[in-house]
Ligand SMILES: Cc1cc2nc3c(=O)[nH]c(=O)nc-3n(C[C@H](O)[C@H](O)[C@H](O)COP(=O)(O)O)c2cc1C
Ligand code: FES
């Protein structure tokens, strides 16, 4: 199937819409990363198996789809019946037959599988009525959850490649750039650089060829928006890239995908092959005289390769070491040629901007940060998952209205954004409107969109130590401030967590941080001290508790805590005894257990398995 | 260890024989042998015309590569931020104690390898453990025993 003109594309679109409308009812089985980890594949296979055997009027196995991440991962595996939006949560293999018989063959809703609103205790039938979805606005994630993971025909039915046809046939490259500029789109990879400006700079450099790269490295631990897009709707990224290439005159592009995301690698490649087969990639696309093709490049599991200059080195088959910032990628990028590098989510927004207009996009969000932003809302939050909200939504709305508040009703302590380059914000900042600038002012960062909620059982010293240790591991070692500075900063954080530090060490850490920020070569080092700086800014008391009182108030830092079994609560179930790797726990069945403090290595396994809350941390 | 190196040629033939293919070739070799055998690195250097030192530098730079053989069952514990605050370390600790190896090591009988990975993008299911490519969410300390059986 080769599409040669825009008219043929429109004709095909009609066919594709007819195909998707063939069956009035559709069953969407979410096969996003969260649901898969909970056994969604087995549920989906069971659906296929049973549907192949059963005969149901007006329904067929073709109307069952394996979709990308629907978002509400905490409740997975999810099964949605469209167009009624009936929303089944935590579906197991055993529920499949009942769903087929009751909700597909008949029109009944299975109460047991519905979501229960924790505030009202009422069952909710449609997903759009659930707070988690009601407060969202989806642009980058528009198709995910509504179609088979990567199927070009379904993408076309959902207005896919319409923006491409419009760009190639009705707009000049400069018009495309102008439209993106008008939209105010800022890069979703973290730094928030205006995308239109980047394209304009690259387009006017007279040194050929030009390249377009999509950054799908998503190295921030705790973030999975880009994964969801690459797996669930890769065509939107590819369409965005082709439009970008047309705008800047590039004929070759790369998608750089983390190899920890095997399904994303497969789906992106599949989507590229489909697009090529349909003539949407390759020579003379839609008879416009414009040629473009894309290759996939797999990352090797190095966080620093998310940085643009390091990424380009990696695409070239080399060690991913960044270079100094003053050499700009739009001038000298991949193979030293002008290159536009954008994040996955940035590209996914582009087709919508072209279709609906830059002005429309600029009307969403805040004046300086337009549009929406996808976040992975995770950690100690009740309704975690993949969300997308207009810029300017407050942290409180995100965590409490969408996220349903803190897990087990514990007190909120902090929210971490921006990954290892970002910081932790306390409850006094909950009413902050989330956009690029407010977060940076508050000492954190938008980052790529990981949002990790922490409760009173999370220790900020431990969090700072965690990120520093991550960065020490991931620092490429090219520049001294980052390689040695972060190392020392980490050593001091360890000293605090072990009760060996003095208050002067805190001053040292602050000075050292300043030096690292000024002296490092790339963003990894420059923003590396942020997790420390933001926690010391908002949680100095907690640091002092470790230093002065030798206590970890959250009960996390091993050297400063002890575990004890409370006599009045222990029923001698032996659960703790059997997981204790140090054999530090003694006691007979039905009798009180005791922890031998000399043997205990404070691993916390006993605390994790005790179902009677009989283990106390002091 | 003895390996059948006849597969190498197939891998080389998939890519243009230029230095740019280095990482892709190493990834495929790693997939085939579950680590990067010394002989394969030498062959790669020769075929792609890259200095062996550079092949070595790339193989040690990227976390995805291992220069020592890995076990039949690779248990990867996610220690990304979300998994970390939801207790990944306790699971890791338990596995290390049970198998008597540290993260990054392989048991002598080549049955098990423990590795850590910083976020696999399934954070809502934290803590996550991946056993040879199969994701397990909401893992508990008490599950460790089963993972090592
Ligand atoms: C250490 C480091 C890691 C980064 N990791 C990523 C990443 O995983 N994904 C990403 O899109 N951008 C990442 N970036 C930002 C990129 O350098 C670059 O700014 C971005 O991809 C540009 O795309 P955008 O303008 O569309 O955001 C990282 C930057 C640094 C310094
Ligand atoms: S932090 Fe473990 S999957 Fe993201």
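Rule-based calculations on the coordinates, nothing more; no lab input. From a predicted model like this one, the values you see are computed outputs, not experimental measurements. No Cβ is skipped: glycine too gets one built from the backbone with ideal geometry, and neighbour counts run over all protein chains shown.
For the Cα atoms of chain B, what angle does the longest principal axis make with the long axis of helix B:52-61, in degrees from 0 to 90, nearest 10? The angle comes out near 20 degrees. Ratio of alpha-carbon Rg to the 2.2 N^0.38 Å globular estimate for the range A:136-196, to two decimals, please. That works out to 1.34 for the range A:136-196. A convex hull fitted around the alpha carbon atoms of the range B:73-147 yields 71 Å³ per residue. Once C-alpha pairs closer than 8 Å and six or more residues apart are averaged by separation and normalised to the residue number of chain A, the relative contact order reads 12 percent. When DSSP beta bridges are restricted to pairs lying wholly in chain B, around 55% turn out antiparallel. For the residues of A:320-326, the average number of beta carbons from a partner chain within 10 Å of their own beta carbon is 1.
Residue order for B:59, A:444, fewest other beta carbons within 10 angstrom first, comes to B:59, A:444. For the range B:14-97, the equivalent ellipsoid derived from the alpha-carbon gyration tensor has semi-axes of 32, 13, 10 Å in decreasing order. Under the simplified labelling scheme, the residue A:61-residue B:143 pair shows an inter-label distance of 3.0 nm, with each label point 7 Å from Cα along Cα→Cβ. Note on A:406, A:110: ascending count of other Cβ atoms within 10 Å places them as A:110, A:406, the fewest first. Put the Cα centre of the range A:178-257 next to the Cα centre of the range A:272-304 and the gap is 13 Å. Bridge orientation summary for the range A:152-362: considering DSSP beta bridges with both residues in this region, about 10 percent are antiparallel.
Remark on the range A:152-362: hydrodynamic radius 16.7 angstrom, per the Kirkwood mean of 1/r across alpha carbon pairs. Straightening the chain between residue A:368 and residue A:121 buys 84.9 nm, computed as 0.36 nm per residue apart minus the Cα-Cα spacing. Count the DSSP beta bridges whose two residues both fall in the protein assembly as shown, then state the antiparallel fraction as a percent rounded to the nearest 5. Just about 55 percent of them are antiparallel.
Peptide B:140-147 is shielded by partner chain Cβ atoms: per residue, an average of 3 of them sit within 10 Å of its Cβ. One quarter of the convex hull surface built on the alpha carbon atoms of the range A:372-458 amounts to 4.7 nm², the projected area averaged over directions. Note on residue B:42/residue B:110: beta-carbon distance plugged into 1/(1 + (r/R0)^6) with R0 of 25 Å gives a FRET efficiency of 0.65. Remark: C-alpha extents of the range A:443-595 on the principal axes read 61, 32, 26 Å, sorted largest to smallest. Residues A:1, A:446, A:147, ranked from the fewest to the most other C-beta atoms within 10 Å, line up as A:1, A:147, A:446. Shielding by partners for peptide A:110-117, expressed as the average number of C-beta atoms from other protein chains within 10 Å of each residue's C-beta, is 0. Here the range B:33-99 and the range A:469-511 have alpha carbon centers that stand 25 Å from each other. Taking every alpha-carbon pair under 8 Å whose residues sit at least 6 apart, chain B reaches a relative contact order of 19 percent. The share of Cα pairs per 5 Å bin across chain B, counted from zero up to the longest distance, runs 2, 9, 19, 17, 15, 13, 11, 8, 5, 1, 0 percent. Over the C-alpha trace of the protein assembly as shown, radius of gyration and Dmax come out as 26.2, 82 angstrom.
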